[in-house]
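Please treat every number below as a calculation from the coordinates, not as lab data. Here the structure is a predicted model, which means the values were calculated and not measured. We place every Cβ from the backbone using ideal geometry, glycine too, and count neighbours over all the protein chains shown.
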Amino acid sequence: MKKIAFTLLLCTSFAGAIGALVTQAASQNIAFAGRTYYVDPNGSDNNNGSKSSPWKTVAFATSRAKKGDTIHMNRGTFVETRTIDLPPGVNLEGESSETTVLIAKNLSGDRTLIRLDSNRELGNQRLRRFSIDGQNNSLERGISITNRHNVKIDDIHLKNIKFTCLFVGGVDNRQKEGTTPPSIWVKGISVTNTQITNCGENKGGWSSGALMIAALDGARFDNITINNPKFGHGIKQFKGGWFKNIKITNSTINVADKGSHNRRAISIELWNTFDDSEVYKVKTNNWFSFGYGNKGSGKRSVKVHDNQIIQSDTGEEYLAIEAAASDMEIYNNYIKNPGSYGIAIWERGSPSNNLVHHNVVVSGNNRHGFIVLKPADRQYIKTTKIYNNTLIGFKTSAINLSNTQGVVDGLDIRNNVFTDSGYIMMGGDTKTLKNVTFSNNLFYNPRVKLTGVWTNWGATKPTNFIIRNNKAGNPGFNNSGSIPRPFYAPSRKSILLDAGVNVGLPFTGYAPNIGAL
């Protein structure tokens, strides 16, 4: 009797353990291992797909593989004449992105090489270690992932593709710019260690991007290299964007000086951004665009920090960061040679509650200002905080409110360094500016004779304008070493040290320093 009871207990425990493993696999989207099929340029689609008898084409392999299986591409160049429709749960891998190459020939339809299209399905799959060569942009799209969750991309090189190298996201017919969110938010997307070269198309009034994205929740883009020297944007939103908690980091993006509308191409464009999204540790030669969005269920819509934006010094009109969303935080960035403006807070849904701090911005041929605040008629910009920035060489003005047809309410400017610039704050045809604080800032070597902080060129006089505790003098930068740090950091005898006022941001010492570093 004891032996029977022990056996029953053991079986029950074993069944419970198996059930727990199955439950864990479902909750964590763990795909149990299936079969591995092999494809080789010298194989045959009449073979059985084993390692010793590989198939020839990837498209044929995807018609045979099932959920949990892996298609392994050997070294060599694969010529595909049909779109590769990769089913959910099927992995696709090569030997390496240098040695496994896919090219397309005579594709029909939209000329997409690899397609993962679903209706809200879980992919639970990975694509890795291969490259796609569009051969002089004869291929329209490289990889398209639509409405499919949990897809991981790693170590892929996409190049010479006409419209876009990679599209990923949710798409339906209800998405609208700034008004109607999508019904599908794609989750579990990651793209890592991926190179994109010469992908994108300039259509005159509109350009596509090397990487196009839409309706993503929790997506991760890490160590992405984009090199588009001739045409097309870098990472571009599609159908109004719509992003929650998206992260773009550790990436290098170089795009053309001329994109659509004869303006600079965009490095990163994220519209309708929510829930603590981030763009950080990105090096680029062109600008970021953020339009619409708010903090949602997080603390910030998007945090833009620790980036390096160095544009060509052409004097061309445009900017470094378009900050036309609410609840943004822009900090610890180094910006050099922005076009017309460093940061533009303007039309697109009355952006409010934005914090700009600890940035070093060197103007070059910039004409208008470090920051422009420009609400449209019957719109407003509320609660903008500009703290601890080091601003150098703005020809016309550092803070620009010209042609402001709406209302700017609540502008707090403290602990900033203004050197080698024109006017500090300038308004022209400004309709309404109220509740402004300008304190504990430092001016040095202005390009014009300053008669005060505010220069009024036909603007309505600001109301409730508080100016106090500002100073003039040489900031005493180190002026040596790497830029921006330690070059623009204060020397040991600098008048910037402990000269600021507490604005609620972390600091060391008796009081905050003035400036970014």
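A simple spin-label model places the labels of Arg64 and Ala376 5.7 nm from each other, with each point 7 Å out along Cα-to-Cβ.
Across segment 210-226, computed HN-Hα scalar couplings (Karplus, 6.51 cos²θ - 1.76 cosθ + 1.60, θ = phi - 60°) run 4, 10, 10, 9, 7, 6, 10, 10, x, 6, 10, 10, 10, 6, 9, 10, 10 Hz from first to last residue, x flagging Gly and Pro.
Using the Cβ of Gly296 as centre and a radius below 10 Å, the other residues enclosed give a net charge of +1, where K and R count +1 and D and E count -1.
Do you know the relative contact order of segment 134-258, to the nearest whole percent, from alpha carbon pairs under 8 angstrom that are 6+ apart?
Working: 361 pairs, mean separation 29.5, N = 125.
Once divided by the residue count of segment 134-258, the mean separation gives 24 percent.
The chymotrypsin sites (Phe, Trp or Tyr not before Pro) found in segment 339-400 include none that occupy coil by DSSP while having at most 14 further C-beta atoms within 10 Å.
Counting other Cβ atoms within 10 Å, which trypsin sites (Lys or Arg not before Pro) in segment 343-400 have at most 12 and lie in a DSSP loop?
Details: sites: Arg348, Arg367, Arg378, Lys382, Lys385, Lys395; in loops: Arg348, Arg367, Arg378, Lys395.
Qualifying residues, ordered by number: Arg378.
Taking the centroid of alpha carbons for each part, segment 472-501 and segment 197-219 are 40 Å apart.
Shape class for segment 119-243: oblate, because the ratio a/c of the largest to smallest gyration tensor axis (alpha-carbon atoms, square roots of eigenvalues) is 1.5 or more and b/c is at least a/b. Pairs with C-alpha atoms separated by more than 19 Å, drawn from the list Lys299/Lys434; Lys152/Lys303; Lys105/Lys230; Lys56/Lys105; Lys385/Lys493, are Lys299/Lys434; Lys152/Lys303; Lys105/Lys230; Lys385/Lys493. For the chain, relative contact order (Cα pairs under 8 Å, six or more residues apart, normalised by length) works out to 6 percent. Based on DSSP H segments of at least four residues, each scored -39500 (n - 2.57), the chain has a per-residue ellipticity at 222 nm of -2000 deg cm²/dmol.
In a Debye calculation with equal point scatterers on the alpha-carbon sites of segment 56-98 and no solvent, what is log10 I(q)/I(0) at q = 0.14 Å⁻¹? Normalising to I(0) and taking log10 leaves -0.30.
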